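Asker: Submitted below is the structure of interest, expressed as structure tokens.
The values are calculated or read from the model by the stated rules, or taken from the named source; none is laboratory data. Keep in mind it's a predicted model, so treat the numbers as computed, not measured. We place every Cβ from the backbone using ideal geometry, glycine too, and count neighbours over all the protein chains shown.
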Amino acid sequence: MAVEPEPGTAALLERLSLQEGAQPLRDQPRWRKPERIGVQVPGWITAHVPDAMQRFRRAAGDVEIIEVTGPSDPRVAQLDAIVGFCSPAMLKAAGSLRWLHHFPVGVEGCTLASDISQYEFILTNSQRTSGPTIAEHVIALMMALTRGLQHHFRNQFDGNWDRSIPEDAMMFDVEGKTMLVAGLGGIGSEVAQRAAGLGMRVIATRRSGGERPSFVEYVGRSDELLALAARADVVVNALPLTRETRHLFDRKFFEAVKPGAYFISVGRGESTVTPELVAALKDGRLRGAGLDVIDPEPLPRDHELWRLPNVIITPHISSQTVEARKRMAIVAIENVRRYVAGEKLLNVVDLKAGY
């Protein structure tokens, strides 16, 4: 008897516009119903979904679910289906791998491996599950910067009631301003929708260009980034890390950006050349930056970014809400159900494109 999806799953998939694979697994020559599936549930999932393993077992029906600890677990070598984390070590350990579901959204640690082309497997991930959460973080960073809250926060610690507003904490309305979203994917679309709701004009780039949602005025291709940056009061980096996006935000970009713009980064740290970002912040080309991702991570204690008055830093935590973790679990559980049944999987990653 087929196992039914968990209650609420269909509504979540529709809300997040999750994409299915091109064809059912049962129609693909390499698929076969597994005897067992290895699951490695991280503590940051079980903290909010304590019954995760029981739910994985319900979704798998008559297929055995075994709890594995990672690539060093000797049982991994016997598994062709794994839920956990994609890494070069895991790919090497799981010699007969056919499918791996990666709990996080970013897959660059796997897809940028030099020998990735030698593996033939399906990779799925949690893309779009953290989109609403990270989008709220972007808006929080933008509002904090445009209200100069970093300045007033320092005064609060000093017990200093100072109503003067220095140049680096000048306040601005966001209504009527232009936001450029670099990477109109799951996260970028959620950011764009919220910015439009605040009365901002939203322009964006997407690798393929294409049709625009109603809340975006213009969607350009990746090679239009510099031209669009010259029009933006706020630039949001929501790009995955690929060979094409590594070091994309460099001196050439910061020279092209509209003078006095804000830069907010929630994509991946290595997409930005940190010394050139620092230079743009110090010479005034950028009015400020909100950074949840930085290269390197963790940022060394003595790095000058910590001390710049026009920067707000959060330590790569923009996706870590209770709701986002629950959505990640639901998608992973649903993909186990679909894999066992030979149905279309959710969030299939293009290994060549890297997302």
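Asker: Of all the residues that make up the range 255-271, how many are within 18 Å of R147 (Cα to Cα) and among the hydrophobic types (A, V, I, L, M, F, W, C)?
Answerer: Number of matching residues: 3.
Asker: I need a count of the residues in the range 194-222 that are modelled with pLDDT of 95 or more and acidic (D, E).
Answerer: 1
Asker: Still on this structure, I have one more. Would you check if L351 is at pLDDT 95 or above and either buried (at least 17 other Cβ atoms within 10 Å of the Cβ) or in contact with a helix residue (DSSP H, G or I) (Cβ under 8 Å, 6 or more places away or on another chain) (or both)? Outline the logic, then answer.
Answerer: Details: at pLDDT 95 or above: no; either buried (at least 17 other Cβ atoms within 10 Å of the Cβ) or in contact with a helix residue (DSSP H, G or I) (Cβ under 8 Å, 6 or more places away or on another chain) (or both): yes.
No.
Asker: What pairs come up if the first residue lies in the range 260-280 and is among the basic types (K, R), the second is not in a helix (DSSP H, G or I), and their beta carbons are under 8 Å apart, counting only those six or more places apart or on different chains?
Answerer: R268/G106; R268/L239; R268/P240; R268/L241; R268/T245; R268/V293
Asker: Filter the range 104-125 for residues that are touching a strand residue (DSSP E or B) at 6+ places or on another chain (Cβ under 7 Å) and part of a loop (DSSP other than H, G, I, E, B); which is nearest to L25 (Cα to Cα)?
Answerer: Out of the qualifying residues, it is F121.
Asker: Is there any pair linking a residue in the range 121-143 that is within 12 Å of G267 (Cα to Cα) to one that is assigned to a strand (DSSP E or B) and modelled with pLDDT of 95 or more, with Cβ under 8 Å and at least six apart or on different chains, and which?
Answerer: Qualifying pairs under 8 Å: V138/V236; V138/I264; V138/G290.
Asker: Also: M179 passes all but one of (1) closer than 19 Å to R128 by Cα; (2) at pLDDT 95 or above; (3) of a type outside the set (V, I, T); which number fails?
Answerer: (1)
Asker: So, in the range 272-315, exactly how many residues are within 22 Å of H151 (Cα to Cα) and assigned to a loop (DSSP other than H, G, I, E, B)?
Answerer: As a first pass, look at the range 272-315 and keep what is within 22 Å of H151 (Cα to Cα): 277-294, 299, 301-315.
From the residues that got through so far, the ones that are assigned to a loop (DSSP other than H, G, I, E, B) too are 283-285, 292-294, 299, 301-303, 308-310, 314-315.
Counting residues in the range 272-315 that are within 22 Å of H151 (Cα to Cα) and assigned to a loop (DSSP other than H, G, I, E, B) gives 15.
Asker: Then there's this: Which residue, of A279, A324, A289, is among the hydrophobic types (A, V, I, L, M, F, W, C) and either surrounded by fewer than 18 Cβ atoms within 10 Å (Cβ to Cβ) or modelled with pLDDT under 95 (or both)? Before you say what the answer is, go through the steps one by one.
Answerer: Details: A324 fails: either surrounded by fewer than 18 Cβ atoms within 10 Å (Cβ to Cβ) or modelled with pLDDT under 95 (or both); A289 fails: either surrounded by fewer than 18 Cβ atoms within 10 Å (Cβ to Cβ) or modelled with pLDDT under 95 (or both).
Result: A279 is the single residue among A279, A324, A289 that is among the hydrophobic types (A, V, I, L, M, F, W, C) and either surrounded by fewer than 18 Cβ atoms within 10 Å (Cβ to Cβ) or modelled with pLDDT under 95 (or both).
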